[in-house]
Structure formats: C-alpha cells, structure tokens
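What follows is one structure encoded as structure tokens, with my remarks underneath.
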Amino acid sequence: MLSPIFGKTRQPRSFDLPTRYYDPKEEERKKRSIKIDTVRRRKGSQGLRVLTMVGLLVLVLWILTS
C-alpha cells in the first residue's frame, strides 16, 4: 500500500513458456490413449411397460364398473 509513495510500482510476473513441437506420432498415441470405448446399450422397452399399465388400468376399471 505504501509502495507507490516510495516510487515502486508493481511489475508483471515473468514466466517461461516451454516450447512445443508438433509430433504426429505423439499426437496419435495421445488420441489412442484418450479414446473412450462407447458401447450403446439398448434401453428397456418402455412402450411395453406403458401398454401393460394401460391394460391393468382398463382391467381394474372394468372390474369396478361391473
């Protein structure tokens, strides 16, 4: 807080960025290691479940009205 009074100003931090070179073999190796094996699983038949519930509801209503 008192630094500007004494003539000292903040300097940005210096950093050393490492140089990178493109290596096609290394990129291919990274792609293979990152690749996630996705297997699509078929979801259960929800339509059959809904049809069963509708059938049971119709059966219950038929029993109640008889």
Per the 1.4 Å probe, what fraction of the accessible area of the chain, in percent, lies on carbon and sulfur atoms?
61
Nearest 10 degrees, 0 to 90: helix 24-34 Cα axis against the chain principal axis
40
In Å², and per residue, what accessible area does the chain have when probed at 1.4 Å with the other protein chains present?
122
Within 10 Å of each candidate Cβ there may be at most 12 other Cβ atoms; applying that plus a DSSP loop requirement, which chymotrypsin sites (Phe, Trp or Tyr not before Pro) in the range 8-62 survive?
Phe15, Tyr21, Tyr22
Angle in degrees between helix 46-65 and the longest Cα principal axis of the chain, rounded to the nearest 10
40
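The values are calculated or read from the model by the stated rules, or taken from the named source; none is laboratory data. Just so it is clear, the model here is predicted, and its values are computed rather than measured. FYI the Cβ positions are ideal-geometry reconstructions off the backbone, even for glycines, and counts take in every protein chain you see. Side chains are part of the model used for accessible areas, which takes the heavy atoms of the whole protein and leaves out ligands, DNA and RNA. Shrake-Rupley method; radii C 1.70, N 1.55, O 1.52, S 1.80 Å.
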